[in-house]
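Shown next, in structure tokens, is the structure this report addresses.
The values are calculated or read from the model by the stated rules, or taken from the named source; none is laboratory data. Just so you know, these numbers come straight off a predicted model, no measurement behind them. Cβ placement follows ideal geometry from the backbone for every residue including glycine, while neighbour counts extend to all protein chains displayed. Areas reflect the complete protein model, heavy atoms only, side chains present, ligands, DNA and RNA absent. Shrake-Rupley method; radii C 1.70, N 1.55, O 1.52, S 1.80 Å.
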2 protein chains.
Amino acid sequence: MKILLKNAKILTMKNPEIFDGHIVINDERISYIGKVLPTGIFDQVIDCENNLIMPGFKNAHTHSAMTFLRSKADDSSLHDWLFNEIFPREANLREGCVKELTKVALLEYLSSGITAVLDQYFFPQEFAETCKEFGFRSVSLGMYDKDSRPVEEVLRLVKEYNVPSSIATFVIGMHSEYTGTDEMFEATDKLLKETRLPFYTHLSETKSETEECIKRRKMTPMEYFDSLHFFDNGGAIFHGVYLSSHDIEIIKKHDVTVVTNPSSNMKLASGIADIKTLLNSGVNVALGTDGPASNNALDMFREMYLVTGLQKLRNMDPVSIPAFEVLKMATVNGSKAMGLVDADVLEVGKFADLIMIDMSRPSMQPINNIISNLVYSGSKDCVKMTMIGGKILYRDGQFFVGEDIKEIYKKVQSLTEELNVIK
Amino acid sequence: MKILLKNAKILTMKNPEIFDGHIVINDERISYIGKVLPTGIFDQVIDCENNLIMPGFKNAHTHSAMTFLRSKADDSSLHDWLFNEIFPREANLREGCVKELTKVALLEYLSSGITAVLDQYFFPQEFAETCKEFGFRSVSLGMYDKDSRPVEEVLRLVKEYNVPSSIATFVIGMHSEYTGTDEMFEATDKLLKETRLPFYTHLSETKSETEECIKRRKMTPMEYFDSLHFFDNGGAIFHGVYLSSHDIEIIKKHDVTVVTNPSSNMKLASGIADIKTLLNSGVNVALGTDGPASNNALDMFREMYLVTGLQKLRNMDPVSIPAFEVLKMATVNGSKAMGLVDADVLEVGKFADLIMIDMSRPSMQPINNIISNLVYSGSKDCVKMTMIGGKILYRDGQFFVGEDIKEIYKKVQSLTEELNVIK
């Protein structure tokens, strides 16, 4: 399959430059990108009519299948929310649920121009299977679980999914220091040594979580994981709202990414991460939506606006975090966090994971600065097309994922009603 | 013209209840709303297919024509921004510009489900004329201007536009206390006494503005305007980030609305208004986008999410400002702020200013709580139709405003390039 995208404005994300040009996609990868219109025979020619082509957004922290909990317990306190609303409902999850619940999230990612996510949840194999079916790029956390997922099972998942050109791969993770047991730390240590994969975990999301770890271990959560050598192969921490300067040194030493989730941290009143200091320290910062129960949208435009807006407030300085830095967080920095070296910038040989931004939406007009328009006035309605691995999965508001959308909604609604009955 | 909207979910905003029903629109007003499908002959029947019909959003503070400054000077300090970027470019505005520049903003309002705005800018008559042409409901500030708009001219505007069923009306305003001169205060006093219209102004947006007023006048800006009796006919203040408890007493005494602009206050690092205290004091709080130079989107979904999110952060309490309160701010409270008694809730006899929310967008699924979905995961792409005064001005991504959209963009782009040359 050979596709020509002609007459586009192109932002490769190798630099902030935008040029008028054309792109050829050969099967799943980019085979040409340049200013001269290529000749030849194409299976499909799309006139971009001066719309912008850029890399898709990378959502570096989410719990996709939590769609069934969206809008279920907003405006409640964190403790109530977790222990009385979320946990008892999650206990109802049985085999086959995550596979279905994931679908609504994948549709929302596509509508927001997201072409890859780093997901962490129960039944990760079901999540990976849905991604494969849809053709959606993902990285899942392989996590040890005493009851359902022994070390051998995680190793089996890694072996099965981490094959060349796989669209759904695995890395190693744990939920967090504060939910970890000695047994879990030992199992995770084995997994990291065996696979040499990077490590991912929630870390210092709230003040109390961080303080309680210091009380228990005389170490911050980051120091504790460092003492276990869990980040020796790199990886990422999710949230990082309460990091010490020593934590930042460790983060830099192992080239760990901090995935910030501004909406979730705001909505759950966790706080505002110090992104300015992290960037000034040279840390790779990526963006995540977190799950639909805590955000509640899976919308990278929201995260981009908030990550810069909240820094401006935190520092009482409107200069904080310029637009191109934000766009990097939402794209190439996310690719780095997820180890997607072939799905980052637009370049010959890379996966064709790209989006078309509709420049004729009123919020993209007039054109003083396209990058500022994207970050400060962009929204989901500006996403005209989403392509992953050379396949158009979303265009002009329609989804092309090989399934009837109404059927997906019906199944998820029925599961939602079933799972939300607390037993 | 008689239109039937059938098979809808209906949220009247008289209460949080949502019911399945039908609506008939006769010319510009609602003539039926109920659960029984009406019979008869209709010029147009729209099957809503279980999508939600609700009142359009009311944007209670904006400067529409500032579209030419969108993305022009982001990430710069407030003083630089105003004095080196905004003011010199606004000085280039000449007759005929505001009429055109307004159009892009009106399109964006329609795409965001906004059916009325309270606008404040130069050349207000040009703004009102564009609203009339498009069929867009607006209220403009009639403001005295030494050079261009004497008291008699403002009175003439009020007389010409404030006629029964007018879609574009005028109230009385001033930019702010800190830009006011004795001459302006006197002229405004005359206008208020002559017209008995309510009064609108920017007030206590920044800490320094508020402190400097106290230094100069031994009064807060609110106390000063109260001493002049400017709020004796009611009205609204824009921003109100730094209000004292005495200010709030004055606000309550005159039933003044506080229009909060969370995005703008965040992006310009002005601060977070204390909305929780205002609501607890029984103040009418409405929502505004502010202008496209300071926000930069004209998107009520963004403002709804932020007004509750930022309160959760400000109070470090995720319970702050429940979703239905937020939806009231974005609709009926805005109508009250603008004096639009006939364009607030959905009810027989009221203007048909309403929107259809596409419940088949992934961020609206599954359905646990439609009001939470709107506030926490809603976005522009969920707006399927926008109707003002019984006329469909936006549907399925297309605009119906009697003009070619590409031509509008071309003219505005050319004006933008011309006006942004600082002489």
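Residues checked against (1) in contact (Cβ under 8 Å) with a residue 12 or more places away in the chain; (2) among the aromatic types (Phe, Trp, Tyr); (3) not in a helix (DSSP H, G or I):
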| site | (1), (2), (3) |
| --- | --- |
| A:Ser320 | yes, no, yes |
| A:Leu346 | yes, no, yes |
| A:Met356 | yes, no, yes |
| A:Pro366 | no, no, yes |
| A:Ser372 | yes, no, no |
| A:Tyr394 | yes, yes, yes |
| A:Lys406 | no, no, no |
| A:Lys423 | yes, no, yes |
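Quick one: which residue in A:Pro38, A:Pro55 is open to solvent by less than 70 Å² (accessible area, probe 1.4 Å) and more than 22 Å from the chain's Cα centre (by Cα)?
When all the criteria are applied, what remains is A:Pro38.
Considering only residues that are of a type outside the set (Val, Ile, Thr), touching a residue at least 40 places away in the same chain (Cβ under 8 Å) and within 14 Å of chain A (Cβ to nearest Cβ), look in the stretch B:76-96 and name the one that is farthest from B:Phe122 (Cα to Cα).
B:Leu78
Have a look at A:Leu340, A:Leu374 and point out the one that is buried (at least 19 other Cβ atoms within 10 Å of the Cβ) and closer than 24 Å to A:Leu310 by Cα.
When all the criteria are applied, what remains is A:Leu374.
When the stretch B:160-178 is examined, which residues are found to be farther than 18 Å from B:Thr62 by Cα and open to solvent by 10 Å² or more (accessible area, probe 1.4 Å)?
Across the stretch B:160-178, the qualifying residues are B:Glu160, B:Asn162, B:Val163, B:Pro164, B:Ser165, B:Ser166, B:Tyr178.
Quick one: would you say A:Phe199 is assigned by TED's automatic domain parsing to the domain that holds A:Leu287 and in contact with a helix residue (DSSP H, G or I) (Cβ under 9 Å, 6 or more places away or on another chain)?
The answer is yes for A:Phe199.
Any idea how many residues of the stretch B:275-302 are open to solvent by 10 Å² or more (accessible area, probe 1.4 Å), more than 25 Å from B:Thr386 (Cα to Cα) and assigned to a helix (DSSP H, G or I)?
4
Among (1) open to solvent by 20 Å² or more (accessible area, probe 1.4 Å); (2) in contact with a Leu (Cβ under 7 Å, 6 or more places away or on another chain); (3) among the hydrophobic types (A, V, I, L, M, F, W, C), there is one condition B:Ala91 misses while meeting the rest; what is its number?
(2)
Which of (1) open to solvent by 20 Å² or more (accessible area, probe 1.4 Å); (2) outside any loop (DSSP other than H, G, I, E, B); (3) within 28 Å of B:Val171 (Cα to Cα) does B:Val98 not meet, given it meets every other one?
Among (1) open to solvent by 20 Å² or more (accessible area, probe 1.4 Å); (2) outside any loop (DSSP other than H, G, I, E, B); (3) within 28 Å of B:Val171 (Cα to Cα), the lone unmet condition for B:Val98 is (1).
Is at least one residue of the stretch B:241-252 at pLDDT 95 or above and touching a strand residue (DSSP E or B) at 6+ places or on another chain (Cβ under 6 Å)?
Looking for residues that are at pLDDT 95 or above and touching a strand residue (DSSP E or B) at 6+ places or on another chain (Cβ under 6 Å), one finds none in the stretch B:241-252, hence no.
Looking only at helices (runs of 4 or more DSSP H) that fall completely inside the stretch B:212-274, which ones have 2 or more residues that are within 22 Å of B:Val139 (Cβ to Cβ)?
B:221-227, B:262-267
Take the conditions aliphatic (A, V, I, L, M) and either in a helix (DSSP H, G or I) or outside the structural domain of B:Gly271 (by TED's automatic domain parsing) (or both) and apply them to B:Leu141. Does it pass?
no
More than 24 Å from B:Leu228 (Cβ to Cβ), touching a residue at least 60 places away in the same chain (Cβ under 8 Å), touching a Ser or Thr at 6+ places or on another chain (Cβ under 8 Å) and of a type in the set (Lys, Arg): is that true of B:Lys99 in this structure?
The answer is no for B:Lys99.
Looking only at the stretch B:390-416, which residues are open to solvent by 60 Å² or more (accessible area, probe 1.4 Å) and closer than 22 Å to B:Arg29 by Cα?
B:Lys391, B:Arg395, B:Phe400, B:Gly402
Give A:Asp20, A:Asp47 a once-over and let me know the one that is open to solvent by 40 Å² or more (accessible area, probe 1.4 Å) and closer than 18 Å to A:Asp396 by Cβ.
A:Asp47
List the number of the failed condition for B:Ser270; all other conditions in (1) modelled with pLDDT of 95 or more; (2) more than 8 Å from chain A (Cβ to nearest Cβ); (3) closer than 19 Å to B:Tyr200 by Cβ hold.
Failing condition for B:Ser270: (1).
Kindly provide the set of residues from the stretch A:59-88 that are surrounded by 14 or more Cβ atoms within 10 Å (Cβ to Cβ), farther than 21 Å from A:Met266 by Cβ and within 25 Å of the chain's Cα centre (by Cα), ordered by number.
A:Ala65, A:Phe68
In the stretch A:394-423, how many residues are in contact with a helix residue (DSSP H, G or I) (Cβ under 6 Å, 6 or more places away or on another chain) and either basic (Lys, Arg) or closer than 17 Å to B:Ser360 by Cβ (or both)?
7
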